[in-house]
Amino acid sequence: MKKIIFSLFVASALFQSCSSDDDGGGSSQVEAPTTYTFLRDGNSSVSYSGQTTRILMAEELISGLKVETNTVEVLDAMFAHIEGASDFSDADLNASDKSVRSKVAASTDFFSANTTEANEIKADFDGWIASQVDDVFPNWSFTASAGVAGALQQAGGGTTRYLNENGLEYNQAFAKGLIGGLMIDQILNNYLSPAVLDAGTNIADNDSEVLEEGKTYTSMEHKWDEAFGYLYGSEADAANPVLDVDQFLSEYLDRVEADEDFTGIASKIYNAFILGRAAIVANNYTVRDAQAEIIKENISVIPAVRAVYYLQSGKNNLGVDNASAFHGLSEAYGFIYSLQFTRQPNSSLPYLTKTEVDGYLAELMEGNGFWDVTTNTLDEILDEISAKFGFTTEEASN
């Protein structure tokens, strides 16, 4: 943790004193602070409470998927929360008008004109909830086998995993799928999109410092902060992020940062968020958009690296410790699902299309799924994903 904080500070300090050679253009015109701290008239102009709320709701929902007495109705209510309903242990969450489901596959760039795919993706999450309750919960105390849902304990008295008939943990598919379907899609394809940042009169209002009613920020500033909030919204102090503070993007950026082949990715993302926000304050939209592209490229790497990592670890445990193998492959399944929400920089395309993602998932689930999958199939998938993102399988498998 301390290493990450230090590296962020150093990177930010150096960044301010450097020329604009490597920042995507024109940073000398933008004075960036060392942390994500922005003030107006002495008060913070940063706000992302809605993102923090949805992260907390998602955390409780993921925990709820492992309580075998829960019903579909209870879990669906947590997913598609209605203001005032007592769906959570936290009264503030119950009082909120936010919900997780409403923001799944809901970005402007990818889904505003593609409601068919958006509905299919929401249906996937609905289906994982229903199947967990209908297929896995009734077999909670039985041993899983090929074609039969149930439980398997990891070797050496390790954690017990609860699997469907194909060896898939629905809670892992749901949690890792949400990293892409909610967090990544909202950051990369919604809030960092010029279509959202520049919507309506946002540019003119930002240029003239016309603030949202009763707020300390302009609409454009707030949109950028909302993107920031889906990654750093659980931090106790986002000016000094420690990462690994929720089980979504924060945890897995921390994991990728800890791999020496990718060390530095955390500071690249954080510094781009800072400079992009400072560029909005300075009305420099060229620098803003250049930072958005840096964020898109680096955040897209996170689910790709973890998909390859878990495919590799699952492969290594197949036939030796199937509970561990299937757990790893279930995490990989969710991370592969998330790849359809990634975004190639300076492009309107994801790194992998929904069709490509669906193809990989179908390969993993052929026959009896993880009980039947071969190491050759896993090698083919993980090598193709590595090549698509420009790293090697060895680099992602540490």
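Distance between Cα centroids, segment 28-79 to segment 307-372: provide it in whole Å. With segment 28-79 and segment 307-372 each reduced to a Cα centre, they are spaced 26 Å. For the chain, the alpha-carbon coordinates run over 64, 48, 41 Å along the three principal axes, in decreasing order.
Within 10 Å, count the other beta carbons around each residue, average over each peptide in 154-161, 55-62, 269-276, 344-351, and list them highest first.
Averaged packing, sorted descending, gives the order 269-276, 55-62, 344-351, 154-161.
Listed by chain and number, the aspartates and glutamates placed with their C-alpha closer than 20 angstrom to that of Lys66 are Asp76, Asp87, Asp90, Asp124, Asp126, Asp134, Asp135, Glu165, Glu169, Asp246, Glu251, Glu331; residues fewer than eight positions away on the same chain are left out.
Hull volume per residue, based on the alpha-carbon atoms of segment 127-214 and their convex hull, is 183 Å³. Ordering Ser44, Ser99 by accessible surface, largest first, gives Ser44, Ser99; the 1.4 Å probe counts only protein heavy atoms, with every chain in place. Would you mind pulling out the separation of the Cα centroids of segment 232-281 and segment 166-212, in Å? Centre-to-centre distance over Cα atoms comes out at 16 Å.
The GNM of the chain, with springs linking C-alpha atoms under 10 angstrom apart, assigns the highest mean-square fluctuation among Leu329, Leu318, Leu163 to Leu318. Across segment 137-153, computed HN-Hα scalar couplings (Karplus, 6.51 cos²θ - 1.76 cosθ + 1.60, θ = phi - 60°) run 3, x, 10, 3, 9, 10, 7, 6, 8, 4, x, 10, 5, x, 10, 9, 9 Hz from first to last residue, x flagging Gly and Pro.
Computed with a 1.4 Å probe over protein heavy atoms only, the accessible surface of the chain comes to 40 Å² per residue.
Here's how it looks for Arg40: its modeled amide H is under 5 Å from those of Ser45, which are all 5 or more places away or on a different chain. Of all the options Ser313, Ser208, Ser324, the one that moves most in a Gaussian network model of the chain with Cα springs shorter than 10 angstrom is Ser208.
Counting only other residues whose beta carbon sits under 12 Å from that of Asp372, what net charge do I get with K and R as +1, D and E as -1? Could you put the intermediate results ahead of the total?
On the way: positive: none; negative: Glu165, Glu363, Glu366.
Value of the local net charge: -3.
Ranking request for peptides 287-297, 112-122: highest mean number of other beta-carbon atoms within 10 Å first, then the rest in descending order. Don't skip to the end; give the middle numbers.
Values: 287-297: 23.0, 112-122: 14.3.
Per-residue mean Cβ counts within 10 Å order the peptides as 287-297, 112-122.
Go through segment 172-251 and name the trypsin sites (Lys or Arg not before Pro) that are in a DSSP coil and have 12 or fewer other Cβ atoms within 10 Å of their Cβ.
Details: sites: Lys176, Lys215, Lys223; in loops: Lys215.
For trypsin sites (Lys or Arg not before Pro) across segment 172-251 that sit outside H, G, I, E and B with at most 12 neighbouring Cβ atoms in 10 Å, the list is empty.
Using a Gaussian network model of the chain whose springs link C-alpha atoms within less than 10 Å, name the residue from Asp237, Asp185, Asp198 with the highest mean-square fluctuation. Among Asp237, Asp185, Asp198, the largest mean-square fluctuation in the Gaussian network model of the chain belongs to Asp237. Computed from backbone phi with θ = phi - 60° and the Karplus coefficients 6.51, -1.76 and 1.60, the 3J(HN,Hα) list for segment 45-54 is 9, 9, 8, 8, 4, x, 6, 4, 4, 5 Hz; x is used for glycine and proline.
To put it simply, the accessible area of segment 198-326 at a 1.4 Å probe is 43 percent carbon and sulfur. Across segment 161-176, rounded Karplus estimates of 3J(HN,Hα) from the backbone phi angles (6.51 cos²θ - 1.76 cosθ + 1.60, θ = phi - 60°) give 9, 10, 10, 7, 5, 9, x, 8, 8, 4, 5, 6, 4, 5, 5, 6 Hz, Gly and Pro being marked x.
The values are calculated or read from the model by the stated rules, or taken from the named source; none is laboratory data. Since the structure is predicted, the reported quantities are computational estimates derived from the model, not experimental observations. Cβ sites come from the backbone with ideal geometry, for glycine too, and all protein chains shown count toward neighbours. Ligands, DNA and RNA are stripped out before the accessible areas are found, and what is left, the full protein with its side chains, is counted by its heavy atoms. Shrake-Rupley method; radii C 1.70, N 1.55, O 1.52, S 1.80 Å.
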